[in-house]
1. Percent of Cα-Cα pairs more than 18 Å apart in segment 270-337, please.
2. Given a Förster radius of 25 Å and the C-beta distance between residue 361 and residue 284 as r, what FRET efficiency does 1/(1 + (r/R0)^6) yield to the nearest 0.05?
3. For n ≥ 4 DSSP H runs only, could you compute -39500 (n - 2.57) per run for the chain, divide by its residues and tell me the 222 nm figure to the nearest 500?
4. Can you list the residues, at least 5 places off or on another chain, whose amide H is less than 5 Å from the amide H of residue 218, using H built in the peptide plane?
5. Give the accessible surface of the chain per residue, rounded to a whole number of Å², with probe radius 1.4 Å and ligands, DNA and RNA excluded.
6. Would you kindly derive the ³J(HN,Hα) couplings of segment 156-166 from the backbone phi angles with the Karplus curve 6.51 cos²θ - 1.76 cosθ + 1.60 (θ = phi - 60°), listing them in order in whole Hz, with x for Gly and Pro?
7. So what J values fall out for segment 229-240 if you push phi through Karplus, 6.51 cos²θ - 1.76 cosθ + 1.60 with θ = phi - 60°, rounded to Hz, Gly and Pro as x?
8. Under a GNM of the chain (C-alpha, springs under 10 Å), which listed residue has the highest mean-square fluctuation: 192, 112, 234?
Amino acid sequence: MRNTRLSKMAALGAVAAMTVAACGSDSDSATEEASAATEAPAATEPMTTEQGEAASVDLASVCPATITIQTDWFPEAEHGALYQMIDSANATIDADIKTVTGPLVAGGQATGVNLQVRTGGPAVGFQQVVSLMAQDEAITFGYVATDEAIENYADNPTTAFVAPLEINPQIIMWDPETYPAVETIADLKAEGVTIRYFETGAYMQFLLSDGQVEESQLDGSYDGGPSVFIAEGGKIAQQGFASAEPYNYENVFADWGKPVKFELIHDAGWQTYAAPLAVLDSKKDELAACMAAFTPIVQQSTVDYINDPATTNMLIVKAVNEFNDFWTYDEGLGAASVELQKELGLVGNGPDSTLGNFDEARLAGFIAVAGPVFGSEGLTPADLMTNEYIDESIGL
């Protein structure tokens, strides 16, 4: 989701050393050692109904003792579905390796396993999620954007199985006072406006080849911070997230304190799925039963978070504060982000009434656009995703 930002955090080896071993251990002792390595809290006992029958979903028989998910950035509301699944009252925050771990709950009830959410981006030296998954057996699933999946397909193919975000939140933003005639990214070209972005952002190669921007405009030095945009007084345009930066620039960054205007990268034609959960194809068979049980939980957690985000946002803010890095977050931004996600359709049902599934026609169109950017030809939607585990009855 949030590509390469300010480079500074621990190497992958430090992360890997603290994680749970992946599913498939044949020995009880190996499982115990792996669990100890994460210092994760023990999963709570399943809750029961008044009649004494188990009311929780049992993941323990089909999933790793700890489901470990590698994200692409710091905790934020766009990751709300993941943190919604952690029992926040029993969560452990590790500020050194920037993880949040706790009992995995579905509808507030125990599932018999733990969930660990790992921070990406700066925390792992900006390595791609696919690369981390290939290096570290302990990672069960990861946020693998469709463009990243296409880029890495030849060496490390992955299959996405549920998409908490329907639309990519990435934007290019600009100052409407400085450029009142600009309505789209393409309009910035006519004005000759410099655009700061993450240098590895594949979407920019598409915008370049599509004629919406030109090489002389591009500045790949964006580091995720607001200082340059503010110092330039709005003379430049900049990458951001529709669900974060517009709120921050108007309400948080006092040196700016006014609205910005933007266009979604999605609306400019780069219609990747930004943060679907994916599995390495080499692990698909091993984790099939786990994905079948886990996917509806992710779907429902997305719905539950969007409908009532307050408790989960408190956990997100707590984690960011304890990480004590350059990334900051507060409950005001978290609440505003959820509203923006709903307003802009960043979270929502697909072309039907189901949340979390993939639109194969949209994927086919994106493959046609992105394939030439990465030199990947001949891929089909079935190479990159599956809807087989989706519960079609779950939606907003």
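The values are calculated or read from the model by the stated rules, or taken from the named source; none is laboratory data. These figures come from a predicted structure and were not determined experimentally. Positions of Cβ are generated from backbone atoms using ideal geometry, with glycine treated the same way; all protein chains shown enter the neighbour counts. Surface areas here come from the heavy atoms of the whole protein model, side chains and all, with no ligands, DNA or RNA. Shrake-Rupley method; radii C 1.70, N 1.55, O 1.52, S 1.80 Å.
1. Working: 1353 of 2278 pairs.
Everything past 18 Å amounts to 59 percent.
2. Working: r = 24 Å, r/R0 = 0.94.
Plugging the Cβ-Cβ distance into 1/(1 + (r/R0)^6) gives 0.60.
3. Working: 14 runs with 132 residues, N = 396.
Mean residue ellipticity at 222 nm (helix-derived): -9500 deg cm²/dmol.
4. Amide H to amide H, under 5 Å and 5 or more residues apart or across chains, residue 218 pairs with 195.
5. On the way: 15210 Å² over 396 residues.
I get 38 Å² per residue for the chain.
6. With the stated coefficients, segment 156-166 comes to 9, x, 10, 10, 7, 10, 7, 10, x, 9, 7 Hz.
7. Using θ = phi - 60°, the values come out as 4, 5, 4, 7, x, x, 6, 10, 9, 7, 5, x Hz.
8. Largest GNM mean-square fluctuation: 192.
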